[in-house]
Amino acid sequence: MSDSIWPAPPVGVCLLPAALEVEVAILGAGIHGAALARELTLRGVSCALVDRGEVGGGTSQWSSQLLHGGIRYMLTGDIRQMREGLVERAIWARIAPHRCRWEAFWMPHRYWVEGLAHRFGIGLYDHWGAERPGWPLALELGRVPRTAFDADPRSAGGPFRGATAYADLMTWDRELTKDLAASSGASLLDFHDPEGFDDDAGGLKALRLRDRRDGSARRLVAQRWVFALGPWTDGAMSRWFGETRHRLRLSAGIHLWFDAVPGCDRPWAIRRPKGRILFVIPRDGMLQVGTTEREVGDGWVPIVAAEREELFEALESNLPAIPWRQMPIRSEELGVRPLVAAGGATTHLSREATLEKHGQFPNLTLVLGGKLTTARALMAHLATDLTGTRCEASTTEPLTLWDGHPAQIR
Ligand SMILES: Cc1cc2nc3c(=O)[nH]c(=O)nc-3n(C[C@H](O)[C@H](O)[C@H](O)COP(=O)(O)OP(=O)(O)OC[C@H]3O[C@@H](n4cnc5c(N)ncnc54)[C@H](O)[C@@H]3O)c2cc1C
């Protein structure tokens, strides 16, 4: 991913000293880096969280913002990943109740046989995901009553005959990432550019950093290092250490944001070919529509017209009563999924993360791939590995709200 488009840093100063020493240095303050900082703090281990931009300013602010079991895994048969997501979903609802909102997602069906299959699959999904702390009793799951379905403007004139409702958890991805960082005692080195490493036979020793706000230099010394650089990992490893190996494949996805449409009160999850889902989600007074999937390279990734068109075609063929093309797009955003490299189409690549111990630097671990949903669990595992200490509080200790007040998700 190109550096040239990185936004200018805000005005401000970092009050940390020019030389810092911690037990663990984390590079990358996305959901993984921030979650690891919290895990280490809970275990009483000192750490620093370094990012060349702001906390949560990377992929972790361009997701579909769902902490989910992954209803698509029900369709693709990846039951293990789905059940892991369902467990994690309940933990997020417990530790971040102010950044989450339970919802009843409607999955519409075309034929009664499809409706029956949905009811069976969704029944299992909601049975395995029955732990839902804070579930609002007014939200109903299972078969959507005919009158409610007909009252939604998305049902008119389209191919759908009814819908089944399943439970999932919505969040604010960037705020959640900032809360994780705020819940840690990490020395925060945001807006700092890594300029070079010092190493010896034992591994990485120190990192030279430049504060992008005032140009001042800092030196960070650590015993252990973790790179959680999301889709920028391959580019950074090539620039910093001359490595040419591709650990990741990158897949872009876009969301379009429209004004709210009266009567569209529940989120819809529409099955599309190849195990894909089209989400149409009312949130924050708007309608969020997504997402696409396009393999991209390691450079500047603009939204292309074909992606927008793909969403419009899917909307028009599935929900024809709404004049999508006449509605102004209020915002469009693109995120790049870091997927662990393997053969085949990116749509079929696993969304699971892996942890790689670096071959040359034994004290360096790389976080590759992953999702918001499973970031806490993976980082708890890594923290236990790094410190030799398990920590139950990770699943129960409420997050600190970075801005002091809860998000207004409507
Ligand atoms: C369209 C889309 C929809 C998605 N929907 C969902 C969803 O609904 N639910 C879900 O669970 N997951 C979803 N995901 C996946 C999820 O968003 C990502 O897997 C996750 O955010 C990755 O987090 P990360 O911490 O690994 O990376 P990032 O959030 O990208 O963090 C990496 C950080 O590294 C920093 N960095 C990069 N290079 C450098 C450098 N040289 N020096 C210092 N810092 C650097 C960046 O500034 C960034 O802050 C979606 C992803 C996409 C793209």
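Data table
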item: Test: residue in the range 303-323 that is among the acidic types (Asp, Glu) and assigned to a loop (DSSP other than H, G, I, E, B); result: no
item: Single residue of ARG38, ARG101, ARG89 found to be at pLDDT 95 or above, under 24 Å from ALA148 (Cα atoms), in contact with a Ser or Thr (Cβ under 9 Å, 6 or more places away or on another chain) and within 15 Å of the ligand (Cβ to nearest atom); result: ARG101
item: Which numbered condition ARG52 fails, given (1) assigned to a loop (DSSP other than H, G, I, E, B); (2) away from the ligand (no atom under 14 Å from the Cβ); (3) of a type outside the set (Gly, Ala, Ser); (4) touching a residue at least 12 places away in the same chain (Cβ under 8 Å); result: (2)
item: Among (1) surrounded by 16 or more Cβ atoms within 10 Å (Cβ to Cβ); (2) modelled with pLDDT of 95 or more; (3) within 20 Å of TYR73 (Cβ to Cβ) - the single one LEU180 does not satisfy; result: (3)
item: Any hit, the range 297-315, residues being touching a residue at least 24 places away in the same chain (Cβ under 8 Å), closer than 23 Å to ARG72 by Cα, in contact with a helix residue (DSSP H, G or I) (Cβ under 8 Å, 6 or more places away or on another chain) and more than 16 Å from the ligand (Cβ to nearest atom); result: yes
item: Test result for GLY263, assigned to a loop (DSSP other than H, G, I, E, B) and at positive phi; result: yes
item: Selection within the range 175-224 - away from the ligand (no atom under 15 Å from the Cβ) and in contact with a helix residue (DSSP H, G or I) (Cβ under 6 Å, 6 or more places away or on another chain); result: SER183, GLY185, ARG224
item: Residue within the range 382-393 that is within 16 Å of the ligand (Cβ to nearest atom), surrounded by 17 or more Cβ atoms within 10 Å (Cβ to Cβ) and at positive phi present; result: no
item: Every residue from the range 225-249 that is of a type in the set (A, V, I, L, M, F, W, C) and more than 9 Å from the ligand (Cβ to nearest atom); result: TRP225, VAL226, MET237, PHE241, LEU248
item: Matching residues in the range 175-208 - criterion: being within 29 Å of GLY242 (Cβ to Cβ) and among the basic types (Lys, Arg); result: LYS205, ARG208
item: Failed condition for ARG271, given (1) touching a Leu at 6+ places or on another chain (Cβ under 9 Å); (2) within 16 Å of the ligand (Cβ to nearest atom); result: (2)
item: Total residues in the range 15-41, condition buried (at least 19 other Cβ atoms within 10 Å of the Cβ) and not in a helix (DSSP H, G or I); result: 9
item: Complete set of residues in the range 359-376 that are away from the ligand (no atom under 11 Å from the Cβ) and either touching a residue at least 60 places away in the same chain (Cβ under 8 Å) or outside any loop (DSSP other than H, G, I, E, B) (or both); result: GLN360, PHE361, PRO362, ASN363, LEU364, THR365
item: Pairs with Cβ under 8 Å, 6+ apart, first in the range 228-247 and at positive phi, second not β-branched (Val, Ile, Thr); result: GLY230/GLY28; GLY230/GLY30; GLY230/HIS32; GLY230/GLY58; GLY230/SER60; GLY230/PRO338
item: Test: GLU333 is more than 20 Å from the chain's Cα centre (by Cα), surrounded by fewer than 18 Cβ atoms within 10 Å (Cβ to Cβ) and either within 16 Å of the ligand (Cβ to nearest atom) or on the phi < 0 side of the Ramachandran plot (or both); result: no
item: Residues located in the range 126-183, provided they are within 18 Å of HIS109 (Cβ to Cβ), free of Cβ contacts under 8 Å to residues at least 40 places away in the same chain and of a type in the set (A, V, I, L, M); result: LEU141, VAL144, ALA148
item: Residue check for SER60: surrounded by 24 or more Cβ atoms within 10 Å (Cβ to Cβ), in contact (Cβ under 8 Å) with a residue 24 or more places away in the chain and at negative phi; result: yes
item: The range 42-54, residues that are closer than 26 Å to ASP385 by Cβ, surrounded by fewer than 24 Cβ atoms within 10 Å (Cβ to Cβ) and not charged (D, E, K, R); result: LEU42, GLY44, VAL45, SER46
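The values are calculated or read from the model by the stated rules, or taken from the named source; none is laboratory data. Remember, it's a predicted structure, so these values are computed and weren't measured experimentally. Quick reminder, even Gly has a Cβ in these numbers, built from the backbone with ideal geometry, and neighbours come from all protein chains shown.
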